[in-house]
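The values are calculated or read from the model by the stated rules, or taken from the named source; none is laboratory data. Note that the structure is a prediction, hence the values are computed from the model and not measured. Here the Cβ positions follow ideal geometry from the backbone for every residue, glycine too, while neighbour counts run over all protein chains shown.
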Amino acid sequence: MMHIDKQISLIKQNTQEIIPEEELIRKIKRKGSLLVKFGVDPTTPDIHLGHSVILLKLRTFQDLGHKVVLLIGDFTARVGDPSGRIKTRKPLSVKEISLNAKTYREQAFKILDATKTIIDYNSRWLAKMSFSQVLKLTSRYTVARMLERDDFSLRYRNNISIGLHEFLYPLMQAYDSVALKADVEIGGTDQKFNLLLGRDIQRDYGQSSQVIITMPILEGLDGKEKMSKSLGNYIGVTEASSEVYGKIMSIPDELIFRYFRLVSVLSREEIDTLEKDFKEKKLHPKEAKKKLALEIVRFYHGEKEANYQDERFEKIFSQKGVPPEISSHFVNTDKIWVVELLRSSGLVSSGSEAKRLIQQGGVRWDGEKVKEVNSILSVKRTHTLQVGKRKFLEIIKK
């Protein structure tokens, strides 16, 4: 394995905290290969770049020769992580959890080495626990300690209900570390309470406490809230390459190098050089974003697709043109209501969405902005319908 000083340097890169770092060094010296745990509840069907911050760190551990366990929280997902929540989560059905877990596995392997990843499910032990075992686990912690959490204390002070099962969630996550005998657990900064509890519970069960590593929370496209599918500010790892490229180009300038460091695979030295040029105004924000977009699309979609989207973006936005390859939609009428065309062509999901986009100035017909929701379009031969900055469709009369 790589020399320990080099390992620690790579592991520390971009992390928020390592608790405690000295113990991580001792564990590597003593054991060589560590068991590194990352638990994820399949509460949504897709993984986005926010998740990739941790998955890329796990890949670093794999490349250094350590064992990685991707723990699918199919049992904890029935409760739902209360971290950062101001109300109780709506429970998911077993079917929903199962379907989401399947896509999580497939998408995680876009980053992790499938041959070096152990997939496990916490229902394997949590679903089998007897009531006496649950009592033993709950006796390890107090209600007062639980109420120290910001989310629980806020809800308690404001008379917002807290389900007893929500108190069980961090204990269940902590017991996962006992079941796996984890040496290291990785999570976002919002998971620090749960991760620290895992250290305590392992010690109570006679195990060596895991080292915890917290990773920064990635801001979404708005530059304010954390990346989240529910907030609509996310970039999915399986989204179309054109969407990924276009969304990267839309991020605020102040996030460019945070994204470079947290979600790209460029070396630290390469990023430092780019950032130096950026600060010295030798690198324009647009060119920096193009470089970032190219790197992200290349990682998830390959070199050929990255180069194509780079050329496509340049044609659309720099030359005010239309992408070289767009889908076609055929109509058999001379005139059509713009809302109906947007809906029937699949560019929008509803008439209300179409009207909103038109009112916001986001719809163009042959390059001209459609100003009225009642506009009737004249269809002659071939036309270009554009929605937003990235969606184009060729409209052809039959």
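The test for being out of contact with any Pro (no Cβ under 9 Å at 6 or more places or on another chain), in the same structural domain as MET249 (by TED's automatic domain parsing), among the aliphatic types (A, V, I, L, M) and at pLDDT 90 or above holds for LEU292.
For segment 147-169, taking the residues that are in a loop (DSSP other than H, G, I, E, B) and surrounded by 13 or more Cβ atoms within 10 Å (Cβ to Cβ), the one that is nearest to the chain's Cα centre (by Cα) is identified as ARG149. Of all residues in segment 16-53 being of a type in the set (D, E, K, R) and under 17 Å from the mean Cα position of the chain (by Cα), which is farthest from ILE213 (Cα to Cα)? Here the residue is ASP46.
One residue alone among LEU341, LEU292 is more than 30 Å from the chain's Cα centre (by Cα) and outside any loop (DSSP other than H, G, I, E, B), and that residue is LEU341. Annotation note: Cβ proximity below 8 Å between a residue of segment 352-375 that is in contact (Cβ under 8 Å) with a residue 12 or more places away in the chain and farther than 12 Å from LYS389 by Cα and a residue that is acidic (Asp, Glu) and outside any strand (DSSP E or B) (sequence gap 6+ or interchain) occurs for ILE358/GLU372. The helices (runs of 4 or more DSSP H) located wholly in segment 170-276 that include 3 or more residues which are of a type in the set (Gly, Ala, Ser) occupy 241-249.
Taken over segment 101-146, residues that are over 20 Å from the mean Cα position of the chain (by Cα) and part of a helix (DSSP H, G or I) amount to 18. For segment 197-224, a tally of residues being within 23 Å of the chain's Cα centre (by Cα) and of a type in the set (Ser, Thr, Tyr) returns 1. When residues in segment 34-49 are screened for being in contact with an Asp or Glu (Cβ under 9 Å, 6 or more places away or on another chain) and modelled with pLDDT of 90 or more, 7 of them pass.
Filtering segment 1-50 down to residues that are part of a helix (DSSP H, G or I) and free of Cβ contacts under 8 Å to residues at least 12 places away in the same chain, which residue is nearest to LEU196 (Cα to Cα)?
Here the answer is GLU22.
Give segment 154-185 a look and list any residue that's in contact with a strand residue (DSSP E or B) (Cβ under 9 Å, 6 or more places away or on another chain) and either on the phi > 0 side of the Ramachandran plot or in contact (Cβ under 8 Å) with a residue 60 or more places away in the chain (or both), or say none. Selection gives GLN173, ASP176, SER177, LEU180, LYS181, ALA182, ASP183, VAL184, GLU185.
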